[in-house]
Amino acid sequence: MDNLFAARSQMALSLGFHIIFASIGMAMPFFMAASHWIFLKHKDPDYRRLTQAWSKGVAIFFAVGAVSGTALSFELGLLFPGFMKHAGPIIGMPFSWEGTAFFLEAIALGLFLYGWDRLKPWVHWGSGLVVGISGVASAFFVICANAWMNSPAGFDWNGGNPINIDPWAAMFNDAAFLQGLHMTVAAFQAVGFAVAGLHSWLGLRTRHAFHLKAVKIAFTFAAVASLVQPIVGDFAAKSVARRQPIKLAAMESLFETTKSAPLLIGGIPDLETGRNRFAIELPGMLSFLAFGKFDAEVKGLNDFPREHWPPVAVVHYAFQLMVALGSLMALLSVAGLFFLWKRPEQFTRGWFPKALVGAIPLGFIAIEAGWTVTEVGRQPWIIYNVLKTADAVTPRPGVVYTLALYAFLYLFLTAVVTFLMWRQTLSLHRELREGET
Amino acid sequence: MILITSIIAFLGVALLFYVLFAGADFGGGILELFLGKNLRKEQRALVTRAMAPVWEANHVWLVLAIVILFMGFPSIYTTMSVSLHLPLMAVLVGIVFRGCAFTFRHYDTYGKEFFSLYSRAFALSSVWTSFFLGVLGGAMIFGRIDPRTLGFAESYVAPWLNLFCLAMGLFTVCLFAFLAAVFLTGEADTRELRAVFRRKAALANGALIVTGALVFAFAEWGGHPLTKEFFASPLSLTCFVTASILWFPFWRSLRREGRGPTLSVRVIGVAIVALVLFGWYAVQFPVAVRFADGTGLNFYTEAAPGPTLNALLVALIAGTLLIFPALGYLFKVFKWETLEQKR
Ligand code: HDD
Ligand code: HEM
Ligand code: HEM
């Protein structure tokens, strides 16, 4: 394995791991606050239990998430010193804001976890909400940094060195807002489905009304997010079309520049012939989705030098997977919202609870696929049209070993977290049984 | 110049707070390895109660220091994250372990079968993390880093694997244990428990002096004139002399029971630790990392361009304005109000 490939794999592995924790850190505190709110309004002790159970989950994921994030920032320096040297001064700022947000999050979490008998109930509730707000803020800030890699701004490139640096312009680049919004919605969607599915499964096994309450809260968040997401995603696609036409061409596997370009469903891109085999074509739809007009011209890959192409097939499949999962979750959400409104009993029997169980991983798979589109679609650039990944990678040997080390570390962290969550569930169930007798 | 200096000041303060607060947390875990025969349960309960609400916030000072390096001094940051990657990783892994073990000792209410496992993991990872923090500090000052090498062992292992750095690790472990014992004398709510922690503070103090001597001995032995450097700089010399003078009132208060002496044990103990840290700053400054060829990375020459530093300073000041009230509230709720209740 050569160094560049190992370094890219290690980055992908670490980020793919971190994003799961980060998403949970963003969405979960809001679920917790919602349940806490219901408890404070109606005094149903189940909701207090639920709030406490969820808050312990938040604490575990927070601790591991923070560490995997800190490890990431060291990895950036280790693997891509060329990137750090140039990018640190330009996009360090969102990271320093992230630090602040994270600090607040840690303080608020301390207050929330240990404040049950110490704080006034609504102050206590507020501290829980601050955990969530800081989590989302954290995520927004890092995404500004990532968006800058896609849409560099706030500096002039002077023969390999940045001059006229403007950190504010770099932070508020073209891509930042939409990427941040899309990711935030994705976090609610993925975590919502995962939590609803897990409680649905526990509910099917234990038949305890407690889990139904949990499912309803998590599902409501998930459903709203799933219905908003295709709209936000469409905006994201339009923004890519403008900023990174080559990425859009790879996503859609469009080889020739075409007017009223068709949207492909499925299809195997063949780089040699420049065609797609076995694809369903929806005429004019791509032009419409990318530019809002059915006869707009969409740039194809052949307009760009071959050495600037990203790995077309990976980007194309990842994009199709994300959109397919997004559509599936949107459908499931429509059905679920209807049940919630007219047929609440469908949440405990029939196909729907089982479908929720099946949907546990969908959101997370869509998130990983979406990031594959963004990151692989940017290749061969680490900073789009400015710096190549190959020129930023570390000159030192042995990245394979650190890759192995990290793979082991993440495996191990996953095992620890799984074990801890399992113990949580056990004690929750015992508490529920004791509550009954 | 002023801009850079104020950012370095933030860095220094972040590190100071990390050592004082998180160091005390680590020390609490380290002390659990030396519970002795008496009041074992009470000691554990005290450590847990003192740490529980604040430990996550305490660790954020490290993140702050990292962020300042990342944005303000990217080449220092990059050098450290390459040459010192393994000890940095060791620290991170230690922090996760500690966090998980600690949280779960507190939270895993489903049966007690894992209690001793959690406690063991908590204590050992506290030692491990403190040790590697010391190793990191040692590697920055000792000058075994070769920024241009392309060898594997020379890149990742040689910068920190030597007797001096290991001695620094041990010294840090003792320093944190000392700090925790000092803090806990004040948190303890019975006479007997206070006596236990006073004794531990005295023992840790002894260990601190022994390992401190070891650090200097290994520095000389490794060909690094640390003693000369330390006494050549008026600042570090002052720190050293002040700290030495402070031992006398410290020992006097340590032998006596009562509110006044307990308070002065805490205040003087913290001052001593801070002076040790300041002494280190004074020897290092303004070079952040020293290289094998005698050169190093100077804060002033490696700083990011002006606009970046401006933005960083704005972020730091705004962050401070947000964070300090929140942090103050956290400590007020969990530390002062508890003390009030005890009286
Ligand atoms: C639950 C997860 C999820 C779902 C259902 C969707 N996405 Fe997405 N998508 C993401 C999660 C995500 C993401 C992981 O959050 C990404 C990666 C980078 C980013 O900003 O968001 C992303 C990136 C991303 C990009 C690339 C942005 C860029 O490179 O700057 C586009 C064009 C879309 N998405 C479009 C869509 C469309 C049209 C969807 C229709 C349903 C959709 N996404 C559903
Ligand atoms: C787009 C992807 C990312 C998102 C959405 C994200 C989001 C988050 C969130 C929400 C947290 C808080 C942890 C929790 O509550 O569990 C966090 C922690 C952290 N992340 Fe990420 N992160 C991303 C990528 C990165 C990258 C690329 C880095 C480093 C270069 C990074 C560095 C950190 C650090 C250092 C922490 C812990 C301390 C802090 O928040 O400052 N993250 N991240
Ligand atoms: C958490 C969500 C993220 C995921 C899942 C993710 C995924 C990936 C993947 C798959 C790669 C490898 C691409 C390739 O080499 O073909 C990569 C590379 C990289 N990503 Fe991301 N990314 C995320 C967020 C971020 C953020 C927020 C940043 C920036 C601050 C970032 C910075 C980088 C860098 C520097 C590389 C290496 C250079 C490159 O390959 O272009 N990533 N990431």
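The values are calculated or read from the model by the stated rules, or taken from the named source; none is laboratory data. Since the structure is predicted, the reported quantities are computational estimates derived from the model, not experimental observations. Virtual Cβ from ideal backbone geometry, glycine too; neighbours counted across all protein chains shown. Ligands, DNA and RNA are excluded from the accessible area calculation, which covers all protein heavy atoms including side chains. Shrake-Rupley method; radii C 1.70, N 1.55, O 1.52, S 1.80 Å.
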Pick from region A:133-176, criterion within 14 Å of chain B (Cβ to nearest Cβ) and part of a loop (DSSP other than H, G, I, E, B), ranking: modelled with the highest pLDDT:
A:PHE172
Qualifying residues in region A:98-130 (those that are at the interface with chain B (Cβ under 7 Å from one of its Cβ atoms) and among the hydroxyl-bearing types (Ser, Thr, Tyr)) - the one surrounded by the fewest Cβ atoms within 10 Å (Cβ to Cβ):
A:TYR114
Among the residues of region B:247-295, which ones are surrounded by 14 or more Cβ atoms within 10 Å (Cβ to Cβ), part of a helix (DSSP H, G or I) and of a type in the set (D, E, K, R)?
B:ARG266
Would you confirm, using the coordinates I've provided, whether A:ALA194 is open to solvent by less than 20 Å² (accessible area, probe 1.4 Å) and at pLDDT 80 or above?
yes
Among the residues that make up region A:153-160, is at least one of them within 16 Å of ligand 1 (Cβ to nearest atom) and closer than 30 Å to A:GLY326 by Cβ?
yes
Residues that are over 20 Å from the mean Cα position of the chain (by Cα) and either open to solvent by less than 20 Å² (accessible area, probe 1.4 Å) or more than 26 Å from A:GLU98 (Cα to Cα) (or both): does region B:79-99 have at least one?
yes
Suppose we keep only residues that are surrounded by fewer than 22 Cβ atoms within 10 Å (Cβ to Cβ), polar (S, T, N, Q) and within 16 Å of ligand 2 (Cβ to nearest atom) within region A:1-54. Which one would you say is nearest to the other protein chains (Cβ to nearest Cβ)?
A:GLN10
Which residues, taken from region B:208-246, are outside any helix (DSSP H, G or I) and among the hydroxyl-bearing types (Ser, Thr, Tyr)?
B:SER233
Only one of A:ALA101, A:ALA33, A:ALA27 is away from ligand 3 (no atom under 16 Å from the Cβ), in a helix (DSSP H, G or I) and among the small types (Gly, Ala, Ser). Can you tell me which?
A:ALA33
Residue among B:VAL96, B:VAL135, B:VAL91 that alone is in a helix (DSSP H, G or I), more than 8 Å from chain A (Cβ to nearest Cβ) and out of contact with any Gly (no Cβ under 9 Å at 6 or more places or on another chain)
B:VAL91
I'm checking my understanding of the structure. Among residues of region A:305-357 that are among the aromatic types (Phe, Trp, Tyr) and farther than 23 Å from A:GLN379 by Cβ, which one is farthest from ligand 3 (Cβ to nearest atom)?
A:TRP341
Of the conditions (1) under 13 Å from A:SER35 (Cα atoms); (2) free of Cβ contacts under 8 Å to residues at least 60 places away in the same chain; (3) surrounded by fewer than 24 Cβ atoms within 10 Å (Cβ to Cβ), A:HIS211 clears all except one; give me its number.
(3)
Selection from region A:62-94 of residues that are farther than 26 Å from A:GLY159 by Cβ and small (Gly, Ala, Ser)
A:ALA63, A:GLY65, A:ALA66, A:SER68, A:GLY69, A:ALA71, A:SER73
If you check A:LEU178 against the conditions, is it in contact (Cβ under 8 Å) with a residue 24 or more places away in the chain, open to solvent by 10 Å² or more (accessible area, probe 1.4 Å) and within 15 Å of ligand 2 (Cβ to nearest atom)?
yes
Can you pull out every residue in region A:189-202 that is closer than 15 Å to A:SER35 by Cβ and either touching a helix residue (DSSP H, G or I) at 6+ places or on another chain (Cβ under 7 Å) or small (Gly, Ala, Ser) (or both)?
A:VAL191, A:GLY192, A:VAL195, A:ALA196, A:HIS199
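Regarding A:ILE280, is this residue assigned to a strand (DSSP E or B) and either over 27 Å from the mean Cα position of the chain (by Cα) or under 26 Å from A:VAL215 (Cα atoms) (or both)?
The answer is yes for A:ILE280.
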Quick check on my filter: what residues within region A:71-89 are within 7 Å of another protein chain (Cβ to nearest Cβ) and either farther than 21 Å from B:SER155 by Cα or in contact (Cβ under 8 Å) with a residue 24 or more places away in the chain (or both)?
A:ALA71, A:LEU78, A:PRO81, A:GLY88, A:PRO89
For the subset of region A:374-391 comprising residues that are more than 13 Å from ligand 2 (Cβ to nearest atom) and β-branched (Val, Ile, Thr), which member is farthest from the other protein chains (Cβ to nearest Cβ)?
A:VAL376
Considering region A:243-271 alone, what residues qualify as being open to solvent by 20 Å² or more (accessible area, probe 1.4 Å), part of a strand (DSSP E or B) and aliphatic (A, V, I, L, M)?
A:LEU263, A:ILE265, A:ILE268
Residue list for region A:56-74, restricted to those being at pLDDT 80 or above and more than 7 Å from ligand 2 (Cβ to nearest atom):
A:LYS56, A:GLY57, A:VAL58, A:ALA59, A:ILE60
Please give the helices (runs of 4 or more DSSP H) falling wholly within region A:298-411 in which 2 or more residues are within 16 Å of ligand 1 (Cβ to nearest atom).
A:312-342, A:351-358, A:362-376
Give just the number: which of (1) in contact with a helix residue (DSSP H, G or I) (Cβ under 8 Å, 6 or more places away or on another chain); (2) closer than 30 Å to B:MET80 by Cα does A:PHE408 not satisfy?
(1)
So A:PHE188, is it over 13 Å from the mean Cα position of the chain (by Cα), of a type outside the set (D, E, K, R) and within 16 Å of ligand 1 (Cβ to nearest atom):
no
A:PRO81 versus (1) in contact with an Asp or Glu (Cβ under 9 Å, 6 or more places away or on another chain); (2) within 16 Å of ligand 3 (Cβ to nearest atom): which is the lone unmet condition?
(1)
